[in-house]
Amino acid sequence: LMAQAKKLHMVEPLGYSELLSLVSGARYVITDSGGLQREAYYAHKRSIVIMPDTGWRELTSSGWNTLCPPNEQTILAQCEQIEAPCPMPLDCYGSGDAAEKIISAVYHELQRGSS
């Protein structure tokens, strides 16, 4: 466990693009941020969430993310467990075509209004 702990990198607060760059290169994320666990999902990275609960229950109920108390031994144990293969839940937040659907609906509404 201590060998894994030595591989952790603590950083000062980052800007959004720098943060996403680090997430994309990470093996997994340890966070207490509700937003970062969702960004990690979009980057196909699993998260250990240091919270008693989360707003993104679909990620924890699928096993993709795991909740963990702020306890050193438990966090280190979760670091080992999160390495186990887990299928990424697909389309948790839609299929990625919301913009096209919105544009289409607005377009059709404008067409109806101009008739």
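The values are calculated or read from the model by the stated rules, or taken from the named source; none is laboratory data. Since this is a predicted model, take the numbers as computed values, not measurements. All Cβ positions, glycine included, derive from the backbone under ideal geometry; neighbour counts span all protein chains shown. Note: areas computed on protein heavy atoms with side chains; ligands, DNA, RNA excluded. Shrake-Rupley method; radii C 1.70, N 1.55, O 1.52, S 1.80 Å.
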Can you pull out the residues in the stretch 61-103 that are farther than 22 Å from HIS9 by Cβ, open to solvent by 50 Å² or more (accessible area, probe 1.4 Å) and outside any loop (DSSP other than H, G, I, E, B)? SER61, LEU67, ALA98, ALA99, GLU100, LYS101, ILE102, ILE103
Considering the stretch 46-60, residues that are assigned to a helix (DSSP H, G or I) and of a type outside the set (Ser, Thr, Tyr), and then whichever is surrounded by the most Cβ atoms within 10 Å (Cβ to Cβ), we arrive at LEU59
